[in-house]
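I have placed the structure first, in the form of structure tokens, so that the comments after it can refer back to it.
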Amino acid sequence: MSDLLAALTLQAGYNAALVAIGAALLGFAAGAAGTFLFLRKRALVSDAVAHATLPGVGLAFILMVALGGDGRSLLGLLAGSAVTAGVGLLLVEWIARRTRLAEDAAIGAVLSVFFGIGVVLLTVIQTMSSGRQAGLESFLLGSTAGMLYLDAVVIAVGGALSVLAVWVLRRPMTLVSFDPDYAAACGYDVRRIDLAMMALVMAVTVIGLKIVGLILIVAMLIVPPVTARFWTERAGRVIWIAAGLGAVSGYVGAAVSASAPALPTGPIIVLTATALFLLSLLFAPARGVLAAVLRHRRFQRRVHRRQGLLALARGELIHDPLTLSVLRRAGLIRADGVATEAGRAQAAKAARDEHRWEIARLVNQDTALTGRYDGLTPIERVFTADQIAEFDRHLGPPRPVAGDAAGA
Amino acid sequence: MHAEFVQLSLTPILIGIFASVACALPGNFLILRRQALIGDAISHVVLPGIVVAFLLTGGVASMAMMLGAAGAAVLAVLLIEAVKRLGRIEPGAAMGVVFTSMFAGGVLLLEQSDTSSVHLDVQHALMGNLESLIWFKAKGWHSLADPAALAALPDELPRMALVCLVVVALTVIFWRPLKISTFDEGFARAIGLPVAAIGFGLVVTAAVAAVAAFDAVGSIIVIAMFICPPAAARLMTNRLEAQVLWSVGFAVLAAVLGYVFAGYGPLWFGGAEAVSAAGMIAAVSGLILGLACLFGPCRARVGQGRDPAEA
């Protein structure tokens with residue numbers, strides 16, 4: 001536990017602190033960039049982009065070795081991965097636009113083929129004399145164990161630049177995410193903004209290769225925006241909530257991973273993000289599962305209360321156990337099912353309101369108003385006091401409710 | 001040369017062909033239903049499935065692994081549906097959340113447990129090891145008639161052949177309901193077909209094919225074969241029957257050419273060692289799809305002729 005605390009407060013050593021800060025910046029940028037992708041309903045394009053980085057890593061390594069370097073410069077490898085990721089992205093666009101294939105098929109095709117080519121290149125590199133210790137496999141799942149200061153700086157600067165790009169482009173990208181046709185009519189070049197969005201996603205992917213790895217980096221782009229969506233209905237806030245959630249996942253994940261052996265950084269970051277997602281799915285105030293269940297129960301109780309009151313007014317027996325318990329708890333009937341004073345009063349009111357609605361439908365031809373009858377909305381909320389008085393003239397004086405509910 | 005071919009290359013090629021065909025067949029319907037990425041999701045969640053199976057049984061018995069993987073695939077499909085409905089999230093994002101989380105869980109479990117004694121690691125899961133499935137006892141073509149030699153065939157071959165056969169049989173038996181519910185769900189429902197069950201059955205079949213193929217050849221081939229051959233076939237014809245046949249043809253072609261290029265290609269270029277066959281098969285299937293995108297007779301959308309200004 002103290003190890004974890006030390007890691008969380010950046011006391012677990014120089015390397016761990018670097019990784020935690022880098023992961024937090026990366027998470028921030030990924031959450032923000034992923035939001036646009038999510039709102040545009042193209043979340044899985046990032047999966048194609050991520051897998052398409054692998055051949056670039058291999059090619060860059062081969063090229064750097066051929067030019068006489070040792071091939072392990074992170075900047076060079078990332079540059080190579082960005083090139084093939086870009087090619088993969090353009091191919092997805094091209095296939096989806098130029099052929100009858102849908103975008104999901106294009107994504108799957110590019111993803112698997114580029115990854116296959118990447119694997120072929122990795123086996124080629126393994127046969128090269130300088131390739132045996134290249135450790136390029138670490139890009140599959142990320143590895144932070146031997147991260148150098150320079151690598152951390154590259155990641156931090158890249159993350160900061162991505163955040164800046166999100167800030168600059170947030171308005172046009174939000175507009176395009178919601179209504180591309182309207183954006184086009186406003187004079188925005190939708191295609192170019194889409195490409196900018198994708199370039200941003202690509203940048204985040206490439207920066208994340210070292211920490212999270214190319215298979216799981218999509219999670220950093222998808223999970224935080226989906227999580228953030230539970231907490232707000234406003235696009236401007238989704239972006240920054242997603243960014244914050246991404247940063248927290250990155251930071252906590254990197255710290256937890258540094259606190260004990262055999263806790264790989266990438267998966268731990270992703271699982272932290274998943275935990276936040278699950279919490280939000282269950283407990284978010286408006287869109288969460290718990291809130292929906294509570295809302296449903298409240299509605300159910302209102303319906304049962306209303307139906308119970310009407311049954312009391314008509315002197316009918318109530319058999320439904322839920323109705324009985326709702327009425328009993330509200331003090332409207334006694335334990336033996338006989339209506340209390342308050343119950344008789346409310347039953348009379350409910351029955352009278354039903355009759356008022358009947359009159360309202362006869363007198364008032366405005367279906368926009370009478371159509372709001374759903375058995376639950378109080379009539380006072382639909383009609384004015386004068387109108388209700390008018391209905392009451394047709395009805396005559398209120399009638400009291402006598403009966404007992406459960407027989408007796 | 002012949003003896004060497006039978007010993008080293010025959011079984012991997014056959015396994016590659018069976019795996020490719022078993023994945024390509026359900027892939028046709030997945031693509032038409034815009035569910036192409038289910039294959040991607042399934043092939044990711046197979047990893048946690050086999051890790052859990054390993055932890056529960058303590059061994060690498062292939063039956064337990066298959067069951068674990070199939071269980072994980074079904075669980076993933078149910079979870080995706082649950083996230084989609086409970087959270088009102090679009091399908092792509094729901095899929096992304098579920099499969100990355102499960103994959104991350106699988107990697108973590110793998111790192112936490114002691115699997116150093118057995119052949120179980122992420123790289124193997126991704127890339128497979130087609131080249132290692134050789135037939136030690138084979139002396140030449142005549143070994144095909146020798147019961148002792150046949151008994152020593154790698155387990156993967158009969159298993160993959162069986163799964164391939166089952167997938168073919170299912171496709172033939174359920175051809176009409178599959179076809180109708182894929183093209184016109186409303187009509188299928190109106191004539192009383194259990195549309196939801198057909199959809200789920202298709203995904204489960206795909207999962208079984210993916211799991212069996214994954215065991216033998218790794219998950220790259222699985223994703224590539226779910227999508228590339230059917231997608232290329234889709235650009236060749238407007239008829240489903242023809243499309244399925246094209247896709248099987250493309251799958252076989254990719255498997256054979258991919259294996260040959262991987263095994264012998266480097267030798268032609270003066271290299272000494274073979275490259276990954278699984279990766280090469282995926283690359284060849286991509287090449288086929290690329291050619292189909294450029295030259296396929298039915299590549300344009302219906303009603304959208306080629307624009308002379310753009311051509």
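Summary table
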{"item": "Single condition A:LEU175 does not satisfy, out of (1) open to solvent by 40 Å² or more (accessible area, probe 1.4 Å); (2) closer than 22 Å to B:ARG34 by Cβ; (3) within 28 Å of the chain's Cα centre (by Cα)", "result": "(2)"}
{"item": "Those residues of the stretch A:203-228 which are within 20 Å of the chain's Cα centre (by Cα) and surrounded by fewer than 24 Cβ atoms within 10 Å (Cβ to Cβ), in sequence order", "result": "none"}
{"item": "Filter result for B:PHE200 (touching a helix residue (DSSP H, G or I) at 6+ places or on another chain (Cβ under 7 Å), assigned to a helix (DSSP H, G or I) and either open to solvent by 40 Å² or more (accessible area, probe 1.4 Å) or aromatic (Phe, Trp, Tyr) (or both))", "result": "no"}
{"item": "Members of the stretch B:180-194 that are of a type outside the set (Gly, Ala, Ser) and crowded, with 17+ Cβ neighbours inside 10 Å", "result": "B:ILE180, B:THR182, B:LEU193"}
{"item": "Complete set of residues in the stretch A:240-284 that are aromatic (Phe, Trp, Tyr) and either over 20 Å from the mean Cα position of the chain (by Cα) or open to solvent by 10 Å² or more (accessible area, probe 1.4 Å) (or both)", "result": "A:TRP240, A:TYR251, A:PHE283"}
{"item": "Residues located in the stretch A:51-77, provided they are surrounded by 24 or more Cβ atoms within 10 Å (Cβ to Cβ) and of a type outside the set (Gly, Ala, Ser)", "result": "A:HIS51, A:THR53, A:LEU54, A:PRO55, A:VAL57, A:PHE61, A:LEU77"}
{"item": "Residue count, the stretch A:31-50 (criterion: closer than 27 Å to B:ALA224 by Cα, assigned to a helix (DSSP H, G or I) and open to solvent by less than 10 Å² (accessible area, probe 1.4 Å))", "result": "8"}
{"item": "Among (1) closer than 16 Å to B:CYS228 by Cβ; (2) within 25 Å of the chain's Cα centre (by Cα) - the single one A:THR35 does not satisfy", "result": "(1)"}
{"item": "Selection count, the stretch B:96-115, where residues are within 7 Å of another protein chain (Cβ to nearest Cβ) and touching a residue at least 24 places away in the same chain (Cβ under 8 Å)", "result": "4"}
{"item": "Hits in the stretch B:261-286 (condition: within 16 Å of B:SER20 (Cβ to Cβ), without any contact (Cβ under 8 Å) to a residue 24 or more places away in the chain and more than 8 Å from every other protein chain (Cβ to nearest Cβ))", "result": "B:PHE261"}
{"item": "Checking A:THR127 against (1) surrounded by fewer than 18 Cβ atoms within 10 Å (Cβ to Cβ); (2) over 27 Å from B:CYS293 (Cβ atoms); (3) among the β-branched types (Val, Ile, Thr); (4) more than 7 Å from chain B (Cβ to nearest Cβ), the condition it does not meet", "result": "(4)"}
{"item": "From the options B:GLY49, B:GLY39, residue that is within 9 Å of chain A (Cβ to nearest Cβ) and either touching a residue at least 60 places away in the same chain (Cβ under 8 Å) or among the small types (Gly, Ala, Ser) (or both)", "result": "B:GLY39"}
{"item": "Enumeration of residues in the stretch A:132-169 that are within 22 Å of the chain's Cα centre (by Cα), open to solvent by 50 Å² or more (accessible area, probe 1.4 Å) and touching a residue at least 12 places away in the same chain (Cβ under 8 Å)", "result": "A:LEU169"}
{"item": "Subset of the stretch A:290-322 that is of a type in the set (Val, Ile, Thr) and surrounded by fewer than 17 Cβ atoms within 10 Å (Cβ to Cβ) - its residue that is nearest to A:ARG399 (Cα to Cα)", "result": "A:VAL303"}
{"item": "The listed residue being crowded, with 22+ Cβ neighbours inside 10 Å and either more than 9 Å from every other protein chain (Cβ to nearest Cβ) or at pLDDT 90 or above (or both), out of B:ALA125, B:ALA82", "result": "B:ALA125"}
{"item": "Some residue of the stretch B:212-235 being modelled with pLDDT of 90 or more, touching a Leu at 6+ places or on another chain (Cβ under 9 Å) and open to solvent by 10 Å² or more (accessible area, probe 1.4 Å)", "result": "yes"}
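The rows are residues; the columns are (1) farther than 24 Å from A:ARG344 by Cβ; (2) of a type in the set (Gly, Ala, Ser).
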{"residue": "A:ARG361", "(1), (2)": "yes, no"}
{"residue": "A:ALA368", "(1), (2)": "yes, yes"}
{"residue": "A:THR377", "(1), (2)": "no, no"}
{"residue": "A:ARG399", "(1), (2)": "no, no"}
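Condition check ((1) in a helix (DSSP H, G or I); (2) over 29 Å from A:ALA339 (Cα atoms); (3) touching a residue at least 24 places away in the same chain (Cβ under 8 Å); (4) open to solvent by 40 Å² or more (accessible area, probe 1.4 Å)) across all residues:
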| site | (1), (2), (3), (4) |
| --- | --- |
| A:ASP353 | yes, no, yes, no |
| A:TRP357 | yes, no, no, no |
| A:ALA360 | yes, no, yes, no |
| A:ARG372 | no, yes, no, yes |
| A:ILE388 | yes, no, yes, no |
| A:PHE391 | yes, no, yes, no |
| A:HIS394 | yes, no, yes, yes |
| A:PRO400 | no, no, yes, yes |
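The values are calculated or read from the model by the stated rules, or taken from the named source; none is laboratory data. Since the structure is predicted, the reported quantities are computational estimates derived from the model, not experimental observations. Reconstructed Cβ throughout: ideal geometry from the backbone, glycine too, with neighbour counts over all protein chains shown. Ligands, DNA and RNA are excluded from the accessible area calculation, which covers all protein heavy atoms including side chains. Shrake-Rupley method; radii C 1.70, N 1.55, O 1.52, S 1.80 Å.
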